[in-house]
C-alpha cells in the first residue's frame, strides 16, 4: 500500500512577518512543516505499520529550501520524499495538478493525506481538488481513521464540535485535523536514520502540467493590525476565574 | 521631579534591584529607573536563572557559592518582605557537571576544594541511576548538524560527573528581581518604570544626574549603570566613561530552547540541572515537563552581536531579532538528543531569545569609572544571575568606600563575603584590566 502525504513548507507561526511590494512576504524567516501536516504524517506512519509492504511518501511543491520540510517528514517516519522544485507561486488548482502528476509518476496511491489547511494561505482546497482530479472520495478535518484493504472509516469534525462518520472507498483523500493524533516527533536516532532516505526531485516544467483555464493570484496582502487593549482583572482567585470564564464565553466565544 | 536622591540606579533587573536594596540598608536614598514596565522584565526575565558553582577561577567559584546562601535562604535575605506577586522559589535540584573535554573540570574540582564547596564524584553507573534517560557516550568535539561529522558514531564514554547538591535554579527570574525590589522599597528605595534614560549629566567633572526621554531631569551625586544589554549605550552617554574602559561591553543574541521531556520521564520532578560541555549544552527542568536547553557557546556556533533596540523591536532580521532560528533550534536540541536519545524534537522551535550583556572576556565589570560618582555593574555575560544578591552587596560596599575616599583604582577594595570565609579582590572586575585569558570566554564564566 502506498500512502502519500502532501506537505507544505510554511513560515513559522512565531516569525515576524513583513509584507513586501504589497503582494508577498519577506521570506527571510524560518520555514517549517505545516503543523496540520504533522498529524497527517503521524497517522500515515501508524497506518503503514499495520500493513505489510506499505510505504509513506511525502510530496511537496516548493523552492529547493522546501527539502528541509520533506526531511522533517522523513525524520517523523516517512520512507521517501518527492520534491517538485519551483520558484513560482502556484494557486490551489495548479498545486493539485502538480501533486497529482508527481504521485502518478511514482506509483499508485491507496491513501493520500493532506493537512486540513496550511497555516499560511489557509485555502483549504488542495484535498478537494486532488480528490476531483483523481476521482477519489475526500473527507477533511478528519479526527479518526480506520483503514482496511478496501475502505477507510473516518470521523470528520464539523463546526460546533459535531462529528460525522463516513465510509470512503480506497483510494481516497483525507485532510488531517488537529484532533487526529498527537504528532510523533523524531528522536536523534530517528534523525540519523532519516539521513539515508531519498528525496526525488522533479522540475516543475518537466511535469508538463496542463494549464488551467481558471487561476487565482494574490492582488494585495495587508498586515492584520489587532488593537490590543489590556484590562486588569482584579479580585480574589475565584472572582478572577469567574470573570475570565465569562470573557471566554461571551466576548471571545471560544468556550 | 523635585525629590533629591543619593543614588540613581539605571536598571531594575536582578542586579539593579539588590544594589538598591543594599545601598538603602546603608542609608542611601536610591531611585531605580527602568525603561520597561516592571522589575526584572528585561534580560533578567530571559535568564535561565541557573544557580551553580562551577566557574573557571576560584574567585568565581567562591562568589557563586556565596550566592547559594542567599538563594537557599531567600525569605531571610528579603527580611520576610511581602510581595503581592508571591516569592520566587529556589529549585534545589542539585547540579551535575559532566566530566568532559568541554569543561576544565579538574580545575573546577580544585576550586571546589579550595573554596570548600560540597560535592560528590559520580561514576557513569551513578549518573545512569540518577538520569536513566542518559546515553553516556562521549560526543566531543561539539559540532553543528550542518557538519556531516555531527552524525559520527561515538566510541568512548564520558568519565563520570561532579555533583553539587546545593545547585539548582530559580523558577521565575523576573519575580526574583521583583521580590528584591519590594525588599528594597521596604528600606525606602524608590523605583520608576517606563522611563528611558537619554543623558547622563555632569558638572565640574562629577556626575550630577540623568535626563529621561520625556525631558525630566533627576539629580543625584551617584549614578550606577546596571543597564544590562543596553549598558554600552549608557556608558557612552557619560562623559569619558566609555573611553576610560579598557574592557567594553556589547549585546550578544542568545537562544534558549524548550523541548518536551521524553514519555515516561518526569524531568520536572526528578531531574537535575546539568552542565554538559561534551555536547555544549546545559539543561534544567522547566514547567510543562520540558527541558530548558541553553548553549555553552561552542566555537562552531555563530555569535550575533546586535543593536539591542532593533532586537527587542523584532526588527533586526532573521538571526538578529528576537525570534528563534530553525538552525539553532536543531543544533541545541539534536546535541541534547545525543545525550538523551529518547528526546523527541518538535519541528517548531520553542524557547526564549534574549541578549547577554557581554564583556570582552566574558567576565563582568563591577567598578567605578573615570567620571567620579558614576559606577557600573555590567558585562554579566549570561553567567551572573546566580551572583546577583552578592553583587548587590559588593557594589554597595564599593560605592560607599569610593564615596568615602577610597582610590579603588590604586588600592582595590577587598570584599569580604558575608557567609563564605573568604575575601575577593574587586579589582579583578576592573574596567581597566587587560583581557583575562584565564576566562572560558563563554557563559561558563
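Quick notes on this one:
- Once the Cα atoms are used to define both axes, helix B:16-25 deviates from the longest principal axis of chain B by about 50 degrees.
- At R0 = 45 Å, FRET efficiency that the Cβ-Cβ distance of residue B:159 and residue B:318 yields, to 0.05: 0.70
- In the distance distribution for the range B:157-231, Cα-Cα pairs more than 15 Å apart total 73 percent.
- Within the protein assembly as shown, percent of DSSP bridges classed antiparallel, to nearest 5: 60 percent
- Principal axis extents of the Cα atoms in the range B:298-445, from largest to smallest and rounded to whole angstrom, are 58, 37, 26.
- Taking Cα atoms only, the orientation of helix B:58-72 departs from the longest principal axis of chain B by about 90 degrees.
- Here the simple spin-label model places points 7 Å from the Cα toward Cβ, and for residue B:140 and residue B:309 these points are separated by 4.5 nm.
- The label-point distance for residue A:248 and residue A:178, in a model that sets each label 7 Å from Cα toward Cβ, rounds to 1.3 nm.
- Peptide B:342-353 has a mean shielding of 5, counted as Cβ atoms of other protein chains within 10 Å of each residue's Cβ.
- Which of B:300, B:17, B:245 has the fewest Cβ neighbours within 10 Å, and the rest in rising order: B:300, B:245, B:17
- The protein assembly as shown, helix-only ellipticity at 222 nm - DSSP H runs n ≥ 4, -39,500 (n - 2.57), divided by all residues, nearest 500: -7000 deg cm²/dmol
- Look at the stretch A:180-188: the mean tally of other chain Cβ atoms within 10 Å of its residues' Cβ atoms is 5.
- With Cα atoms, 0 to 90° folded angle of helix A:237-246 axis to chain A main axis: 60 degrees
- Rounded D (µm²/s) - the range B:30-133, Kirkwood Rh over Cα pairs, Stokes-Einstein at 25 °C, 0.890 mPa s: 148 µm²/s
- Amide N proximity, the range B:233-269 versus residue B:211 label position 7 Å along Cα-to-Cβ, cut-off under 19 Å: B:233-242
- Highest-first arrangement of B:347-359, A:88-100, A:19-31, where packing means the average Cβ count within 10 Å: B:347-359, A:88-100, A:19-31
- Column: log10 I(q)/I(0), Debye, Cα scatterers of the range A:153-206, q = 0.16, 0.21, 0.26, 0.27 Å⁻¹: -0.84, -0.90, -1.03, -1.07
- The range A:135-190 and the range B:198-245 have Cα centres spaced 63 Å apart.
- Comparing Cα centroids, the range B:382-444 and the range A:92-115 end up 66 angstrom apart.
- Considering all different alpha carbon pairs of the range A:157-248, the Kirkwood hydrodynamic radius works out to 21.7 Å.
- Per-q log10 I(q)/I(0), the protein assembly as shown, q = 0.05, 0.06, 0.09, 0.11 Å⁻¹ (Debye; single scatterer per alpha-carbon; no solvent): -0.30, -0.43, -0.88, -1.16
- Based on the Kirkwood approach, the hydrodynamic radius assigned to the range A:2-207 is 17.1 Å, with every pair of different Cα atoms included.
- Fewest-first sequence of B:339, A:228 by Cβ atoms within 10 Å of each Cβ: A:228, B:339
- C-alpha center-to-center spacing [the range B:1-34, the range B:86-146] in angstrom: 37 Å
- Counting all C-alpha pairs of chain B, share separated by more than 33 Å (%): 32 percent
Throughout, read-outs are computed from the coordinates displayed, never taken from laboratory work. Fair warning: this is a prediction, and the values are worked out from it, not measured in the lab. No Cβ is skipped: glycine too gets one built from the backbone with ideal geometry, and neighbour counts run over all protein chains shown.
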